[in-house]
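For reference, the structure discussed in these notes is given below.
Each reported figure results from applying straightforward, stated rules to the coordinates on display, with no laboratory input. On a predicted model such as this, the values are computed, not experimentally measured, just so you know. Neighbour counts are summed over all protein chains in view; Cβ atoms, including those assigned to glycine, are modelled from backbone coordinates with ideal geometry.
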Amino acid sequence: MYSSPEELLVATHRLAGLSLAELAHQLNIAVPENLRREKGWIGQLLELALGATAGSKPLQDFPEIGVEMKTLPITSEGIPLESTFVCTAPLLNQTSVNWHTCNVKNKLSLVLWIPIIGNRTTSVGDKIIGYGLLWQPSVQEERILQQDWEEIMELISLGKIESISARTGEALQLRPKAASGSSLTTAIGQDGTLISTRPRGFYLRTSFTARLIQKHFHL
């Protein structure tokens, strides 16, 4: 559909300034009252509008041009309101994965960020789509991400998953990621046996995305 990341970026600029309600109306999609039960609704709306092809596969959203799309809720001052989900974390068979082959690096190698502007009390439909930006990690940013990923994955492989808190990692953090608190998966326990635990996901801290927004929009 797109021949280059730049062509995709131009397409996102055509959406800038629209409210989510206006875009949803164009696509004949109902706007939820809130996002508590539909956390991924905004991302899915933008994926549909822009023709993302990956769906639920563990690929970049636009694999033909190597671009992952991430919506980023921010205030009008450019302050991110929440951390950004990157991908689920593998809790078993970690020895077959390294930084250069992991899904975190794949997802973050080239990101189309689309700011969604509004405060915490702004209704879903009234939030405004901002100008998108293409981002590739700098050498320093990738070094930080790699160090965080390797630290977290080492703790998982050593059976210390339950000791990993949201404070672990400078840019990346590991947090529970499941539709409900009752969802369980298998991981390695401290004594090397398998345990049941909540699925985990990698997230980018708001401190990391705030610097990214400030740098690109000169805030």
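Counting only Cβ charges, +1 for Lys and Arg and -1 for Asp and Glu, the dipole size of region 1-120 around its Cα centre is about 360 debye. Under a 5 Å amide H cut-off, with hydrogens placed 1.01 Å from N, G189 pairs with L194, I195 among residues at least 5 apart or on other chains. Modelled spin-label separation between Q26 and T197, with each label point placed 7 Å from Cα along the Cα-to-Cβ direction: 4.3 nm.
Modelled spin labels at T53 and H100, positioned 7 Å past Cα toward Cβ, are 2.7 nm from each other. Helix 41-50 and the longest principal axis of the C-alpha atoms of the chain enclose an angle of approximately 60°.
If you take the square roots of the eigenvalues of the alpha-carbon gyration tensor of region 124-205 and sort them as a ≥ b ≥ c, do you get rounded (a/c under 1.5), prolate (a/b over b/c) or oblate?
Oblate, because a/c is 1.5 or more while a/b does not exceed b/c.
Listed peptides 110-120, 159-169, 15-25 appear in the order 110-120, 15-25, 159-169 once ranked by packing, highest mean of other Cβ atoms within 10 Å at the front. With respect to the chain, whose longest principal axis is taken over its alpha-carbon atoms, helix 139-157 is tilted by about 40°.
Rank the residues I29, I74 as a footprinting-exposure proxy: fewest other Cβ atoms within 10 Å of their Cβ go first.
Final ranking by Cβ density, sparse to dense: I29, I74.
Projecting the Cα atoms of I116, G130, A89 onto the charge dipole of region 1-146, computed from C-beta unit charges around the Cα centre, puts A89 farthest toward the positive end.
When DSSP beta bridges are restricted to pairs lying wholly in the chain, around 75% turn out antiparallel.
Working from label points 7 Å from Cα in the Cα-to-Cβ sense, the L158 to A11 distance is 4.5 nm. Applying a threshold of 18 Å to the alpha-carbon distances of K39/K127; K127/K215; K107/K160; K70/K160; K39/K215; K39/K177 flags K127/K215; K107/K160; K70/K160; K39/K215 as lying beyond it.
In this structure the amide hydrogen of R200, modeled in the peptide plane, comes within under 5 Å of the amide hydrogens of A89, K177, none closer than 5 places in sequence on its chain.
Taking Cβ atoms as reference points and 13 Å as the exclusive limit, the residues near S183 contribute a net charge of +3, counting Lys and Arg as +1 and Asp and Glu as -1.
Across region 197-205, coupling constants 3J(HN,Hα) worked out from phi with the 6.51/-1.76/1.60 Karplus curve, θ = phi - 60°, read 8, 6, x, 10, x, 8, 10, 8, 5 Hz, and Gly and Pro carry x.
Taking the Cα atoms only, what angle lies between the long axis of helix 206-217 and the longest principal axis of the chain, rounded to 10 degrees? Approximately 40 degrees, to the nearest 10. Count charges around T75 for me, please; just the other residues with Cβ under 15 Å from its Cβ, Lys/Arg as +1, Asp/Glu as -1. Computed value for this residue: -1.
Distances between placed amide hydrogens fall under 5 Å for L18 paired with I129, all partners being 5 or more residues away or on another chain.
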